[in-house]
Amino acid sequence: MKTRTLGKDLIVSEIGLGCMGLSYSQPPFPTKEEAIKFLRNAYEEGVTFFDTAEVYGPFNNEELLGEAFKDIREKVIIATKFGFSFDEKNVTGVDSSRENILRAIEGSLKRLQTNYIDLYYQHRVDPNTPIEEVAQVMKELIEQGKIKHWGLSEASANTIRKAHAICPVTALQSEYSMFWREAETKVMPTLEELGIGFVPFSPLGKGFLTGTIKPGHVFPEGDFRNTIPRFNTPEYLENNFKLVEYIKELAEAKSTTPAAVAIGWLLAQKPWIVPIPGTKKIERVKENNSGSQITFTKKELQNIKEILDQIELIGNRYNDLNESRIDK
């Protein structure tokens, strides 16, 4: 697989892997052995950029990556995240205080079976801790060699600028896909100006853009999509399915799949975009990776943009609690 560069010098596979679903939010989950085998198979398919977080599980998602890659640590790029407080295994809120960051980094290093983290994200902006203070802690962790790069997740352009001024930010992780394009106007111009990479999560619209989630779809108990208005409101799902129909048309024209088109479209937007689709099946990894082979002419991209602009999509992408944690 070809590579892309995030920030100044973080070289990663141009398509990464979001590992959350291996132990969090999207049951059923594979066994530990199945998950580790899957991660190694994804690496063999060319993926070198793996995304996890302390809160996924919580904690056991990082353990899976640690076990899977302990013998090839220097060959993979591992991104993880801090920024939540816990009462044992229960999340009690956002917390990016120095004390909590230092607790989090030691736990992540231990679970990942490593002495450094390639990319360390603040998972959600903490309104009670100035971002400048967070950036200062990141600078210290870089100086200590515990992290190589740092990033932000779901942060506003204003927050990105403040953080970058203290300690250069390598990447922003946020949602971006044909199903959610808010980043195009709100943060992408800032990222381009500052030379910061963009790592879109949910590049397939949480599975919606693949065409497998049709009106009337029922998600398993425990699936986080049950909490999302775009998915748990039948009229929203039915209205928005017209986007899926359009992507199917694009896929047919390119002799490929809707998933590959959605990934290929993202890669075509900017050379510093690296999507991290999540899956638990190696067949889907192969399909997602095939998106790197899809090409679009400038005329095609402009035509797609015009049509996307005309498709009215409805429904929030988060419930009220998660929406309140977004930095705006």
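Going through (1) under 20 Å from residue 275 (Cα atoms); (2) free of Cβ contacts under 8 Å to residues at least 40 places away in the same chain one by one, residue 61 falls short only on (2).
Out of everything in region 211-240 that is of a type in the set (Val, Ile, Thr) and either open to solvent by less than 40 Å² (accessible area, probe 1.4 Å) or touching a residue at least 60 places away in the same chain (Cβ under 8 Å) (or both), what residue ends up being farthest from residue 288 (Cα to Cα)? Step through it out loud before you land on a result.
As a first pass, look at region 211-240 and keep what is of a type in the set (Val, Ile, Thr): 212-213, 218, 227-228, 233.
After this cut, where a residue has to be either open to solvent by less than 40 Å² (accessible area, probe 1.4 Å) or touching a residue at least 60 places away in the same chain (Cβ under 8 Å) (or both) as well, the list is 213, 227-228, 233.
Numbers: 213: 17, 227: 26, 228: 24, 233: 28 Å.
Across region 211-240, the extreme among qualifying residues is 233.
Say we look at region 23-53 and pick out the residues that are open to solvent by less than 10 Å² (accessible area, probe 1.4 Å) and over 14 Å from the mean Cα position of the chain (by Cα); which of these is farthest from residue 68 (Cα to Cα)? If we take residues in region 23-53 being open to solvent by less than 10 Å² (accessible area, probe 1.4 Å) and over 14 Å from the mean Cα position of the chain (by Cα), then 47 is farthest from residue 68 (Cα to Cα).
On the given criteria, is residue 168 surrounded by fewer than 22 Cβ atoms within 10 Å (Cβ to Cβ) and in contact (Cβ under 8 Å) with a residue 24 or more places away in the chain? So residue 168 fits the description; yes. If you scan region 70-99, which residues turn out to be under 19 Å from residue 170 (Cα atoms) and aromatic (Phe, Trp, Tyr)? Within region 70-99, just 82 meets the criteria. Among the residues of region 71-93, those that are more than 17 Å from residue 59 (Cβ to Cβ), open to solvent by 10 Å² or more (accessible area, probe 1.4 Å) and hydrophobic (A, V, I, L, M, F, W, C) comprise 72, 77. Pairs are defined by a Cβ separation below 6 Å, a sequence spacing of at least 6 or placement on different chains, a first member in region 1-17 that is in contact (Cβ under 8 Å) with a residue 24 or more places away in the chain, and a second member that is aromatic (Phe, Trp, Tyr); the pairs so defined are 12/49; 13/49; 16/49; 17/50.
The condition of being of a type in the set (Gly, Ala, Ser) and farther than 17 Å from residue 203 by Cα holds for only one of 315, 278, that being 315.
Can you tell me which residue within region 53-94, out of those that are among the β-branched types (Val, Ile, Thr) and touching a strand residue (DSSP E or B) at 6+ places or on another chain (Cβ under 8 Å), is nearest to residue 153 (Cα to Cα)? Full working, then the answer.
Residues of region 53-94 that are among the β-branched types (Val, Ile, Thr), as a first pass: 55, 72, 76-78, 80, 91-92, 94.
Next, only the ones that are touching a strand residue (DSSP E or B) at 6+ places or on another chain (Cβ under 8 Å) stay: 55, 76-78, 80, 91-92, 94.
Values: 55: 14, 76: 21, 77: 17, 78: 15, 80: 11, 91: 18, 92: 19, 94: 13 Å.
Filtering first and then ranking leaves 80.
Filter region 248-257 down to the residues that are within 15 Å of residue 307 (Cβ to Cβ) and either open to solvent by less than 40 Å² (accessible area, probe 1.4 Å) or among the hydroxyl-bearing types (Ser, Thr, Tyr) (or both) and list them by number. Correct list: 250, 251.
Results for (1) farther than 23 Å from residue 201 by Cβ; (2) hydrophobic (A, V, I, L, M, F, W, C); (3) modelled with pLDDT of 95 or more; (4) under 18 Å from the mean Cα position of the chain (by Cα), shown as yes or no for each residue.
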| position | (1), (2), (3), (4) |
| --- | --- |
| 66 | no, no, yes, no |
| 71 | yes, no, yes, no |
| 80 | no, no, yes, yes |
| 95 | no, no, yes, no |
| 101 | no, yes, yes, no |
| 110 | yes, no, yes, no |
| 119 | no, yes, yes, yes |
| 125 | no, yes, yes, yes |
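Quick grid of which residues meet (1) touching a Phe, Trp or Tyr at 6+ places or on another chain (Cβ under 9 Å); (2) open to solvent by 50 Å² or more (accessible area, probe 1.4 Å); (3) of a type outside the set (D, E, K, R); (4) within 21 Å of residue 208 (Cβ to Cβ):
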{"site": "278", "(1), (2), (3), (4)": "yes, yes, yes, yes"}
{"site": "287", "(1), (2), (3), (4)": "no, no, no, yes"}
{"site": "290", "(1), (2), (3), (4)": "no, no, yes, yes"}
{"site": "295", "(1), (2), (3), (4)": "no, yes, yes, no"}
{"site": "300", "(1), (2), (3), (4)": "no, yes, no, no"}
{"site": "304", "(1), (2), (3), (4)": "yes, no, yes, yes"}
{"site": "307", "(1), (2), (3), (4)": "yes, no, yes, yes"}
{"site": "311", "(1), (2), (3), (4)": "yes, no, yes, yes"}
{"site": "317", "(1), (2), (3), (4)": "yes, no, no, yes"}
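The single residue among 7, 16, 46 that is under 21 Å from residue 113 (Cα atoms) and either in contact with a strand residue (DSSP E or B) (Cβ under 7 Å, 6 or more places away or on another chain) or not aromatic (Phe, Trp, Tyr) (or both) turns out to be 16.
The values are calculated or read from the model by the stated rules, or taken from the named source; none is laboratory data. If you're wondering where the values come from, they're calculated on a predicted model, not measured in any experiment. Quick reminder, even Gly has a Cβ in these numbers, built from the backbone with ideal geometry, and neighbours come from all protein chains shown. SASA here: full protein model, heavy atoms, side chains in, ligands and nucleic acids out. Shrake-Rupley method; radii C 1.70, N 1.55, O 1.52, S 1.80 Å.
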